[in-house]
Amino acid sequence: MKIDLETLKVGEGEKLSLADRPTAVAPLYDGKGTYEAALEDHAKQLEKRHERLFANGRHALLVVLQGMDSAGKDGAIKHALRGVNPQGCRVASFKQPTP
């Protein structure tokens, strides 16, 4: 199942329900080498854009990671967001899910 990334954007003033969003997407890359090259490029772009977002103060990027303990959330953050300055980030934990 391939998802158009545009469908994941949330517009200004738009109500957001995570229940209406996809929880799994198809791989975007055909191999590890392609992925690593793209990740390096994306990290550089993210670093530049993060500075602009933080300086502007009007827009934000929301990243939601959901998983059980030891599911690899911390590693995913460290790996994928390595171009982001932690001083410009806010992290929030959610309580344990209900049965």
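The values are calculated or read from the model by the stated rules, or taken from the named source; none is laboratory data. If you're wondering where the values come from, they're calculated on a predicted model, not measured in any experiment. Cβ: placed from backbone, ideal geometry, glycine included. Neighbour counts: every protein chain shown. These area figures cover heavy atoms from the full protein model, side chains too; ligands, DNA and RNA do not enter into them. Shrake-Rupley method; radii C 1.70, N 1.55, O 1.52, S 1.80 Å.
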Exercise. Within the chain, which chymotrypsin sites (Phe, Trp or Tyr not before Pro) sit in a loop by DSSP and count at most 11 neighbouring Cβ atoms inside 10 Å?
Worked result: F94
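For each pair in K9/K32; K32/K95; K9/K73, compute the distance between the two Cα atoms and list the pairs where it is over 29 Å.
Details: K9/K32 26 Å; K32/K95 34 Å; K9/K73 21 Å.
Pairs exceeding 29 Å: K32/K95.
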Problem set entry | Carbon + sulfur, % of accessible area of region 1-81 - ligands and nucleic acids excluded, 1.4 Å | 55 percent
For this session: Give the accessible surface of the chain per residue, rounded to a whole number of Å², with probe radius 1.4 Å and ligands, DNA and RNA excluded.
Result: 94 Å²
Exercise. Karplus couplings for region 35-47 from phi (6.51 cos²θ - 1.76 cosθ + 1.60, θ = phi - 60°), rounded to Hz, Gly and Pro as x?
Worked result: 4, 5, 5, 5, 4, 4, 5, 5, 4, 5, 5, 4, 4
For this session: Grab the DSSP H runs of the chain that are 4 residues or longer, score each as -39,500 (n - 2.57), total them, divide by all residues and round the 222 nm result to the nearest 500 deg cm²/dmol.
Result: -11000 deg cm²/dmol
For this session: Please label the shape of region 37-99 as rounded, prolate or oblate, based on the square roots a ≥ b ≥ c of the eigenvalues of the alpha-carbon gyration tensor (a/c under 1.5 means rounded; beyond that, a/b larger than b/c means prolate, else oblate).
Result: oblate
For this session: Putting +1 on Lys and Arg Cβ atoms and -1 on Asp and Glu Cβ atoms, find which of A19, G57, A38 reaches farthest to the positive end of the dipole of the chain.
Result: G57
For this session: May I ask you to list the GluC sites (Glu not before Pro) in region 17-51 that are in a DSSP loop and have at most 14 other Cβ atoms within 10 Å of their Cβ?
Result: none
